[in-house]
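Below is one structure, written out as structure tokens; the observations come after it.
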Amino acid sequence: MWFQRMELEDWFDTYQYKIEYDIGESAVKTLGVGDLDIDLNAILLRYGYHKGRPDLRDIIAQFYPGFSPEHIIVTTGASEANFVIAASLVKPGDHVIVEHPNYPSNYEVPRSLGCDVDLFTLRFENEFRPLANDLEAKITPQTKLISLTHPNNPTGSKISREELQKIIDIVESKDIYIIFDETYSDMDFINPLPPAATLSPKVISISSLSKSYGLPGLRTGWLATKDQDVLNTALAVREQISIANNALSEEIATRVLTEKDRYVDMAKQRIHKNRDIVADWINQQENFEWVYPEAGVVGFPRIKNHVAVEPEKLYRLLAEKYKTFVVPGRCFEMEPKHFRLGFGGESEKIKIGLNNLNKALAELVSY
Ligand SMILES: Cc1ncc(COP(=O)(O)O)c(C=O)c1O
């Protein structure tokens with residue numbers, strides 16, 4: 001078994017504190033403790049409940065019709081949930097199918113655990129939407145886990161309810177689980193999908209407060225499933241990693257999720273306004289094209305083929321000279337001409353960032 005750094009996290013670590021115009025991030029504008037008006041003085045800094053605070057699990061369970069707090073484990077972000085589930089369900093040599101592009105951890109974790117990871121690549125030409133038939137063709141007798149992320153990062157695409165049901169029907173007759181990463185589901189405002197774990201005990205949903213709530217520094221997420229064996233093993237794994245959650249984060253998460261609708265509404269206003277800004281900009285571009293992101297807070301445009309530019313040079317010039325941040329396609333093991341645009345930040349800064357993208361391209365391109 002071995003672990004390697006993700007190019008995405010290396011890129012973030014290099015530039016995220018050096019730039020001014022962030023048009024690559026995948027969260028709505030980050031909140032500070034002062035924005036939340038929460039008094040933390042009474043919080044005891046003792047070890048917490050290993051599955052997470054009961055009142056917090058109770059609130060989260062209500063997002064999953066038919067679920068109770070015993071079906072929820074609160075984790076250190078969706079990242080820990082992803083790790084815990086993979087470590088619970090797969091062994092070295094198992095075949096794992098992971099939707100791609102995706103948050104890289106979703107394939108790096110099973111790779112690191114020694115699995116045979118098969119990327120299930122979404123195509124620009126198909127609006128980055130997965131089809132059950134294509135996925136089924138990848139299943140082998142060794143397949144143990146399928147990993148899907150919708151709304152998708154980095155493309156903003158959404159699996160249709162019908163295709164999701166077809167995939168669930170396929171796994172229910174086999175010894176295969178689905179990990180469904182719903183980290184962006186609170187930013188799915190038009191015909192949102194039902195939480196996938198409520199559709200089958202073979203599905204484990206994972207989610208987080210990082211993106212829709214602008215609280216990535218809280219490091220709080222969760223997993224939800226009705227499969228008792230998975231819950232037991234997941235708890236064993238999480239106890240090996242972190243024992244329990246950060247007490248301060250659990251208090252903040254409880255207070256924020258008590259007012260979920262208010263926060264989601266703030267995200268909605270921001271996303272609608274900013275996505276329009278980016279869509280208007282891209283419609284005027286001769287050199288870039290994208291698939292309109294149906295949900296979430298990111299899109300995955302590409303530099304058109306006729307543009308004679310080295311993409312990596314563009315992204316670095318943008319970061320280093322124009323203090324503007326996008327995420328290169330290579331960070332998602334996709335063609336370099338793709339890059340992730342994030343529109344969760346302040347509108348004025350997004351406009352400047354997009355303008356900087358034009359300026360940086362003009363500086364490099366040879367017609
Ligand atoms: C799809 C997806 N899952 C999980 C994560 C990790 O989120 P967290 O901050 O909750 O660990 C990310 C972060 O970018 C993501 O995009």
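The values are calculated or read from the model by the stated rules, or taken from the named source; none is laboratory data. Owing to the predicted nature of the structure, the values given are computational and were not obtained by experimental measurement. Reconstructed Cβ throughout: ideal geometry from the backbone, glycine too, with neighbour counts over all protein chains shown. Areas reflect the complete protein model, heavy atoms only, side chains present, ligands, DNA and RNA absent. Shrake-Rupley method; radii C 1.70, N 1.55, O 1.52, S 1.80 Å.
Rolling a 1.4 angstrom probe over the chain with all protein chains present gives an accessible area of which 49% lies on carbon and sulfur atoms.
Here the contact order of the stretch 45-259, divided by its residue count and restricted to Cα pairs under 8 Å and six or more residues apart, works out to 29 percent.
For the stretch 147-225, the Kirkwood hydrodynamic radius comes to 13.0 Å, computed from all pairs of different C-alpha atoms. The P(r) of the stretch 231-367 has a tail past 27 Å containing 39 percent of all C-alpha pairs.
Per-residue Karplus couplings for the stretch 262-270, computed as 6.51 cos²θ - 1.76 cosθ + 1.60 with θ equal to phi - 60°, are listed in order as 4, 5, 5, 5, 4, 4, 4, 4, 5 Hz, Gly and Pro entered as x.
Can you order the peptides 254-264, 150-160 by their average number of other Cβ atoms within 10 Å per residue, highest first? Don't jump to the answer; show the numbers that get you there.
Numbers: 254-264: 15.2, 150-160: 26.3.
My ranking of the peptides, most packed first, is 150-160, 254-264.
Annotation for GLU346 and ARG316: the two label points, set 7 Å from Cα along the Cα-Cβ direction, are 3.0 nm apart. Annotation: aspartates and glutamates with alpha-carbon distance below 13 angstrom to LYS91 (same-chain offsets under eight excluded): ASP116. Each residue of the stretch 117-133 was assigned a 3J(HN,Hα) from its phi angle through the Karplus curve 6.51 cos²θ - 1.76 cosθ + 1.60 (θ = phi - 60°); the sequence is 8, 10, 7, 9, 7, 7, 10, 3, 5, 9, 6, 6, 9, x, 10, 4, 5 Hz, with glycine and proline shown as x.
Normalised by 2.2 N^0.38 Å, where N is the number of residues, the C-alpha radius of gyration of the stretch 64-136 stands at 1.29. In a reduced charge model with +1 at each Lys and Arg Cβ and -1 at each Asp and Glu Cβ, the stretch 275-346 shows a dipole moment near 260 debye about its Cα centre. For the stretch 148-194, place one equal point scatterer on every Cα, skip the solvent, and apply the Debye formula. What is log10 of I(q)/I(0) at q = 0.14, 0.17, 0.31 Å⁻¹? For the stretch 148-194, the Cα-only Debye profile gives -0.35, -0.51, -1.21. Subtracting the Cα-Cα distance of GLU162 and LEU44 from their residue separation scaled by 0.36 nm leaves 37.8 nm. Only the Cβ atoms of Lys and Arg (+1) and of Asp and Glu (-1) were treated as charged; on that basis the dipole of the chain about its Cα centre amounts to roughly 360 debye.
What shape does the chain have by the C-alpha gyration tensor, where a ≥ b ≥ c are the square roots of the eigenvalues, rounded means a/c under 1.5, and otherwise prolate means a/b greater than b/c and oblate the rest? Oblate is the answer for the chain, as a/c is 1.5 or above yet b/c matches or exceeds a/b.
Per the Kirkwood formula on distinct C-alpha pairs, the Rh of the stretch 131-268 is how many angstrom?
16.4 Å
Spacing of the modelled spin labels on ASP55 and ASP10, each 7 Å from Cα toward Cβ, amounts to 4.5 nm. For the options TYR177, TYR322, TYR107, a Gaussian network treatment of the chain with springs between C-alpha atoms closer than 10 Å singles out TYR322 as fluctuating the most.
Under 5 Å from the amide H of ASN153 lie the amide H atoms of TYR103, each residue being 5 or more positions distant or on a separate chain, with H modelled from the backbone and absent for Pro and chain starts.
For a 22 Å ceiling on Cα separation, which of these pairs sit above it: LYS268/LYS349; LYS211/LYS304; LYS29/LYS304; LYS321/LYS359; LYS158/LYS313? Don't jump to the answer; show the numbers that get you there.
On the way: LYS268/LYS349 18 Å; LYS211/LYS304 29 Å; LYS29/LYS304 29 Å; LYS321/LYS359 11 Å; LYS158/LYS313 31 Å.
Exceeds cut-off: LYS211/LYS304; LYS29/LYS304; LYS158/LYS313.
Between helix 77-89 and the chain there is an angle of about 60 degrees, using the helix long axis and the longest principal axis of the Cα atoms.
Most tightly packed first, judged by the mean number of other beta-carbon atoms within 10 Å of their residues, the peptides 300-311, 78-89 read 78-89, 300-311. When its C-alpha radius of gyration is set against 2.2 N^0.38 Å (N residues), the stretch 45-259 gives a value of 0.96. The residue list GLN4, PHE128, PRO141 was ranked by how far each Cα lies along the charge dipole of the chain toward its positive end, using unit charges on Cβ atoms, and GLN4 comes out on top. With θ taken as phi - 60° and the Karplus curve 6.51 cos²θ - 1.76 cosθ + 1.60 applied, the whole-hertz 3J(HN,Hα) list for the stretch 182-196 is 9, 4, 9, 5, 6, 10, 10, 9, 10, 6, x, 5, x, x, 4 Hz, x standing for glycine and proline. Charged side chains reduced to their Cβ positions (Lys and Arg at +1, Asp and Glu at -1) give the stretch 106-195 a dipole of some 100 debye around its Cα centre.
So for the stretch 88-175, considering every pair of alpha-carbon atoms, how many percent are separated by more than 14 Å? If you can, show how the numbers build up before the last one.
Working: 2368 of 3828 pairs.
When all Cα pairs of the stretch 88-175 are counted, 62 percent exceed 14 Å.
Evaluate the Kirkwood expression for the hydrodynamic radius of the stretch 308-367, namely the inverse of the mean inverse distance over all pairs of different C-alpha atoms, and round to one decimal in Å. Over the stretch 308-367, the inverse of the mean reciprocal pair distance is 11.8 Å.
Near the amide H of HIS95, within less than 5 Å, lie the amide hydrogens of ASP116, THR143, LYS144, all on another chain or at least 5 residues away, with H placed in the peptide plane. Taking each DSSP H run with n ≥ 4 as -39500 (n - 2.57) and averaging over every residue of the chain yields -11500 deg cm²/dmol at 222 nm. With protein chains left intact and a 1.4 Å probe, residues in the chain average 43 Å² of accessible area per residue.
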